[in-house]
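Chemist: First the structure, which I've put down as structure tokens, then a few questions once you've had a look.
The values are calculated or read from the model by the stated rules, or taken from the named source; none is laboratory data. Owing to the predicted nature of the structure, the values given are computational and were not obtained by experimental measurement. All Cβ positions, even for glycine, are placed from backbone atoms using ideal geometry, and neighbour counts span all protein chains on display. Just so you know, the surface numbers come from the protein's heavy atoms only, side chains and all, with ligands and any DNA or RNA stripped out. Shrake-Rupley method; radii C 1.70, N 1.55, O 1.52, S 1.80 Å.
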There are 2 protein chains.
Amino acid sequence: MLRREEIHGALSAPALESMNFLNEIMSRYPAAISFAPGAPNPSLMTGLDLNHYIERYVEHLETARGLERDAARRLLCEYGPSRGIINDLVSQALHRDYGLDVAATSVVITVGTQEAMFLVLHALFASPADVLAVATPCYVGILGSAKLLNISIVPIPESADGLDLRRLAEAVREVRASGRRIRALYVAPDFANPSGTTMSLEARRELLQLAEREDLIVLEDGAYGFTAEPGFEIVPLKALDVSNRVILLGTFSKVCMPGVRVGFVVADQAVRGADGTEVLLANMLAAAKSMVSVNTSPICQGIVGGMLLEHGVSIAALGETSGKLYRQNLLHLLESLDRELSGVKDVTWNRPKGGFFIRVTLPVPADFELLERSASAFGVLWTPMSLFHLDGSGDNEMRLSCSYLTLGQIEAGVERLGQLVRSVQT
Amino acid sequence: MLRREEIHGALSAPALESMNFLNEIMSRYPAAISFAPGAPNPSLMTGLDLNHYIERYVEHLETARGLERDAARRLLCEYGPSRGIINDLVSQALHRDYGLDVAATSVVITVGTQEAMFLVLHALFASPADVLAVATPCYVGILGSAKLLNISIVPIPESADGLDLRRLAEAVREVRASGRRIRALYVAPDFANPSGTTMSLEARRELLQLAEREDLIVLEDGAYGFTAEPGFEIVPLKALDVSNRVILLGTFSKVCMPGVRVGFVVADQAVRGADGTEVLLANMLAAAKSMVSVNTSPICQGIVGGMLLEHGVSIAALGETSGKLYRQNLLHLLESLDRELSGVKDVTWNRPKGGFFIRVTLPVPADFELLERSASAFGVLWTPMSLFHLDGSGDNEMRLSCSYLTLGQIEAGVERLGQLVRSVQT
């Protein structure tokens with residue numbers, strides 16, 4: 001028998017209980033149409049021939065590294081370097097897709113973006129005086145890592161144009177006045193989860209200027225860039241990063257599949273010791289990774305590597321088919337909302353140009369009570385946005401995800417949402 | 001530019017530099033015969049047909065869980081529960097192999113044993129007053145996790161019969177007298193890495209009695225049990241654990257392959273809150289895992305699951321072929337040492353009954369200087385045992401691993417060791 005007060009506090013925190021409660025409601029209504037999961041579309045997750053991609057990557061190892069076929073295959077079965085084995089392909093893809101000039105040695109391949117976030121926060125937040133700024137509403141993954149590491153969070157509200165930079169500047173001053181400092185900011189500039197907002201090019205430049213002025217590190221999460229319409233140019237913060245303060249986090253869960261658990265971090269910052277010697281931050285993250293998970297499965301890296309090679313070593317090309325599907329879904333969700341809810345009093349929603357998520361504001365609290373009624377009386381599920389808010393706001397908001405559904409389900413689901421909304425109007 | 005004093009101290013620790021130095025020497029002598037790597041034998045890592053094992057596991061999902069084939073395949077591609085998906089098979093295997101009675105819900109599937117160690121230490125060591133006891137010489141993986149988490153270590157010397165229990169009891173009292181406590185003990189009772197020692201059944205019982213008396217949690221690492229000779233019965237501490245203080249850590253890296261990065265932890269302890277409610281420790285570890293890596297690749301779990309199913313859901317049966325190879329290698333290493341080094345003054349070694357490792361003691365320091373000479377003049381590599389010692393001892397010891405070599409390489413390698421040893425005799 002163990003005592004809970006002797007177990008790390010993060011593991012019995014209220015946020016976990018909210019998530020459990022959400023999952024519990026979902027599990028009781030398996031037949032409901034669910035706008036809750038931000039998971040990839042099931043239609044993209046069939047007929048995957050793993051041996052095929054593995055062999056494609058093995059061929060690459062033969063050509064690019066001069067390995068014998070058997071040695072190349074063994075490389076995927078054995079232990080491997082903590083930094084990863086497909087770092088060269090990721091480096092090439094980032095150059096091809098965004099013109100980024102990052103060496104393969106600056107890339108660490110991780111167990112999804114989640115491990116990348118964990119490693120980066122662990123490395124950077126050495127002092128309890130270091131505080132992490134995040135946009136609110138915020139992706140829960142970064143909050144989880146911060147909680148495990150006892151890192152204090154300061155929430156920065158989002159405007160329609162993404163992060164509210166004036167509030168960020170204020171927060172920097174306030175935190176400094178309290179004897180602590182904002183060490184880093186986590187931001188997803190493209191079609192953020194959960195709000196769907198995107199930062200304009202101007203806002204990105206301003207953010208980087210502010211980061212330079214206030215000595216902030218920027219953790220950029222680029223998960224949803226691949227869903228942008230053709231012509232809607234995605235310029236990563238990392239591409240505008242003249243003073244090298246941006247650490248880029250990436251994932252293959254969306255463009256390839258979540259089941260591979262492969263993500264990456266680009267950390268090309270030099271870390272200087274008191275003795276003047278320098279180490280690349282990526283090397284330190286790889287060392288930390290060796291103590292958390294040793295290395296990312298080389299088999300899974302081989303699958304991702306094979307897929308990249310089949311798509312001209314471009315993450316954008318690899319995500320083209322799925323990106324098109326998600327854009328179609330998102331457009332259909334917006335059209336359905338327009339048809340079903342336009343003119344309904346005090347019901348509004350944003351109009352993201354990509355990503356999986358739309359934020360809908362209701363005239364009543366979008367809480368667990370409403371969710372329960374939504375599920376039981378109308379057969380439709382969604383996520384209360386308050387789960388992602390850190391400043392007590394967002395009570396009347398729901399997050400709708402378009403990613404997991406068919407067009408028909410989206411349409412029928414929004415009809416049901418319409419019934420729910422009208423039922424609370426009276 | 002970042003400053004090293006603002007980065008977590010674990011990432012520039014001396015232990016890492018020793019390991020880097022070791023790797024650097026190795027990399028300069030690629031043609032040397034190396035007794036250093038504890039990695040699985042290359043001959044076992046070829047011709048693996050991943051689709052085959054995946055399909056075997058998919059069939060199981062159809063039969064055991066009533067899933068449609070497409071839904072079963074999708075399960076491997078998508079996100080999944082943080083606790084894992086092959087927990088039922090691991091539970092069955094532990095029952096079949098060792099008579100353990102642990103529910104599937106007490107098992108968490110992890111990214112190798114490394115993540116299991118990390119999660120367990122993170123959960124259990126909530127207070128800086130909590131100290132971890134480890135056998136010295138010690139497996140570096142547990143030391144890495146402890147370092148990342150700023151956990152203090154107290155080293156307990158090994159006797160020929162494994163852990164020195166008298167010293168453990170003393171350490172418990174000493175640490176308590178200093179106002180702290182030994183919260184848990186990490187121990188690998190079967191053919192430990194790096195020393196090769198094994199605890200007798202009697203020593204296991206005594207250890208558990210001591211743990212009960214002193215309220216210690218025992219972290220049991222069972223990585224090498226599968227290499228035991230037929231007839232050499234392995235009784236896990238967990239099987240003798242009447243007061244439920246043992247947390248069992250396991251890996252598929254050795255019986256399956258490292259490239260899958262699949263391990264597990266059995267944590268069937270109840271955690272009681274101040275309000276009297278109880279949660280299973282495994283649930284808390286799964287919650288922590290959701291913030292570190294979300295889940296272990298379901299593709300890799302499917303490969304391991306398929307392999308287990310093809311071997312009667314038995315880890316012992318799955319490891320039979322490789323276990324036989326390693327026993328043959330170990331025996332050949334012992335015979336070669338007997339032939340080459342018997343009677344050489346002040347050179348001794350232990351005689352493990354299984355595992356990958358032998359400890360050789362020399363009359364001179366087995367340090368980096370000797371290793372460099374060993375590599376350059378004699379073409380043979382090994383690991384200085386001092387890297388694994390925490391109490392400043394082990395200077396004259398080397399660790400020899402038999403796992404990665406052929407019988408011919410073992411023989412030739414020991415001849416070269418003989419030349420080295422004779423060269424320092426004069």
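Chemist: Out of the total accessible area of the range B:175-280 (probe 1.4 Å, heavy atoms of protein only), what percent is carbon and sulfur? Intermediate results must be reported in sequence, preceding the final value.
Modeler: Working: 1710 of 3570 Å².
The nonpolar share, carbon plus sulfur, comes to 48 percent.
Chemist: What FRET efficiency comes out for the pair residue B:321/residue A:212, r = Cβ-Cβ distance, R0 = 45 Å, nearest 0.05?
Modeler: According to the calculation, E is roughly 0.15.
Chemist: Give a residue-ordered list of calculated ³J(HN,Hα) values for the range A:37-45 (Karplus: 6.51 cos²θ - 1.76 cosθ + 1.60, θ = phi - 60°; whole Hz; x for Gly, Pro).
Modeler: So the Karplus estimates, Gly and Pro as x, are x, x, 8, x, 5, x, 5, 8, 10 Hz.
Chemist: Which FRET efficiency value, to the nearest 0.05, is calculated for residue B:351 and residue A:335 with the Förster distance at 60 angstrom and r the Cβ-Cβ distance? Present the calculation step by step, with values, prior to reporting the outcome.
Modeler: Numbers: r = 76 Å, r/R0 = 1.26.
Using R0 = 60 Å, I get an efficiency of 0.20.
Chemist: Can you send over the carbon and sulfur percentage of the accessible area for the range B:1-53, probe radius 1.4 Å, protein chains only?
Modeler: Answer for the range B:1-53: carbon and sulfur cover 57 percent of the accessible area.
Chemist: Next question, about the same structure. Mind jotting down the distance between the C-alpha centroids of the range A:113-185 and the range A:29-43, whole Å?
Modeler: That distance is 30 Å.
Chemist: Same structure, new question: Please list, short to long, the whole-number percent of alpha-carbon pairs of the range B:28-101 in consecutive 10 angstrom bins beginning at zero.
Modeler: Result, from short to long distances: 14, 30, 30, 15, 10, 1 percent.
Chemist: Any idea how far the Cα center of the range A:48-92 sits from the one of the range A:313-370, in Å?
Modeler: Comparing the Cα centres of the range A:48-92 and the range A:313-370, I get a distance of 38 Å.
Chemist: For the range B:129-257, treating each Cα as an identical point scatterer without solvent, what Debye log10 I(q)/I(0) comes out at q = 0.16 1/Å?
Modeler: -0.77
Chemist: Can you give the helix-only mean residue ellipticity at 222 nm for chain A, where every DSSP H stretch with n ≥ 4 adds -39500 (n - 2.57) and the sum goes over all residues, rounded to the nearest 500 deg cm²/dmol? List each step's numbers first, then the result.
Modeler: Numbers: 14 runs with 182 residues, N = 426.
Rounded to the nearest 500, the figure is -13500 deg cm²/dmol.
Chemist: From the square roots a ≥ b ≥ c of the eigenvalues of the alpha-carbon gyration tensor of the range B:241-368, which class results: rounded (a/c under 1.5), prolate (a/b over b/c), or oblate?
Modeler: The shape class here is prolate.
Chemist: Now for a separate question. Counting Lys and Arg as +1 and Asp and Glu as -1, what is the net charge of the other residues whose Cβ lies under 14 Å from the Cβ of residue B:318?
Modeler: +1
Chemist: Am I reading the A/B interface right? What is its buried accessible area, both sides, 1.4 Å probe, to the nearest 100 Å²?
Modeler: When A and B are taken together, about 6400 Å² of accessible area is lost.
Chemist: Modelling each spin label as a point 7 Å along the Cα-to-Cβ direction, I'd like the residue B:202/residue B:70 distance in nm, to one decimal.
Modeler: That separation, rounded to one decimal, is 6.5 nm.
Chemist: Moving on. Magnitude of the Cβ-charge dipole of the range B:12-113, K/R +1 and D/E -1, about the Cα centre, nearest 20 debye?
Modeler: Charge dipole of the range B:12-113: 80 debye, to the nearest 20.
Chemist: Does the range B:25-157 classify as rounded, prolate or oblate by the C-alpha gyration tensor (a ≥ b ≥ c root eigenvalues; a/c under 1.5 gives rounded; else a/b over b/c gives prolate, otherwise oblate)?
Modeler: Oblate is the answer for the range B:25-157, as a/c is 1.5 or above yet b/c matches or exceeds a/b.
Chemist: Could I ask something else about it? Mind listing the Cα extents of chain B along all three principal axes, in Å, largest one first?
Modeler: Dimensions of chain B along the principal axes of its Cα atoms: 70, 57, 56 Å.
Chemist: Please report, in debye to the nearest 20, how large the charge dipole of chain A is about its Cα centre when each Lys and Arg carries +1 at its beta carbon and each Asp and Glu carries -1 there.
Modeler: On the way: 38 positive and 49 negative charges, 69 e Å.
Dipole magnitude for chain A comes out near 340 debye.
Chemist: Of B:418, B:196, B:387, which is farthest towards the positive pole of chain B's charge dipole, taken about the Cα centre with +1 and -1 on the beta-carbons of Lys, Arg and Asp, Glu respectively?
Modeler: B:387
Chemist: Per residue, how much accessible area does the protein assembly as shown have with a 1.4 Å probe, in Å²?
Modeler: Using a 1.4 Å probe on heavy atoms only, each residue of the protein assembly as shown averages 36 Å².
Chemist: Restricting to DSSP loop positions (anything but H, G, I, E, B) with no more than 15 other Cβ atoms inside 10 Å of their own Cβ, which GluC sites (Glu not before Pro) remain in the range B:39-109?
Modeler: Here the GluC sites (Glu not before Pro) that fit, given the DSSP loop and packing criteria, are B:68.
Chemist: Next question. Stick to the Cα atoms of the range B:186-277, pair each with every other, and give me the Kirkwood hydrodynamic radius in Å at one decimal.
Modeler: 14.5
Chemist: Applying 1/(1 + (r/R0)^6) with R0 = 45 Å to the Cβ-Cβ distance of residue B:278 and residue B:229, what FRET efficiency is obtained, to the nearest 0.05?
Modeler: The formula returns an efficiency of 0.60 here.
Chemist: Kirkwood Rh over Cα pairs of the range B:383-426 into Stokes-Einstein at 37 °C, 0.692 mPa s: D in µm²/s?
Modeler: Taking Rh from Cα pairs, D becomes 274 µm²/s.
Chemist: Same structure again: Per 5 Å bin, what is the whole-percent P(r) computed from every C-alpha pair distance within the range A:84-192?
Modeler: The percentages, shortest bin first, are 2, 11, 18, 18, 18, 16, 11, 4, 1.
Chemist: If you put +1 on each Lys and Arg Cβ and -1 on each Asp and Glu Cβ, how big is the dipole of the protein assembly as shown around its Cα centre, in Debye rounded to 20?
Modeler: I would put it at about 380 debye.
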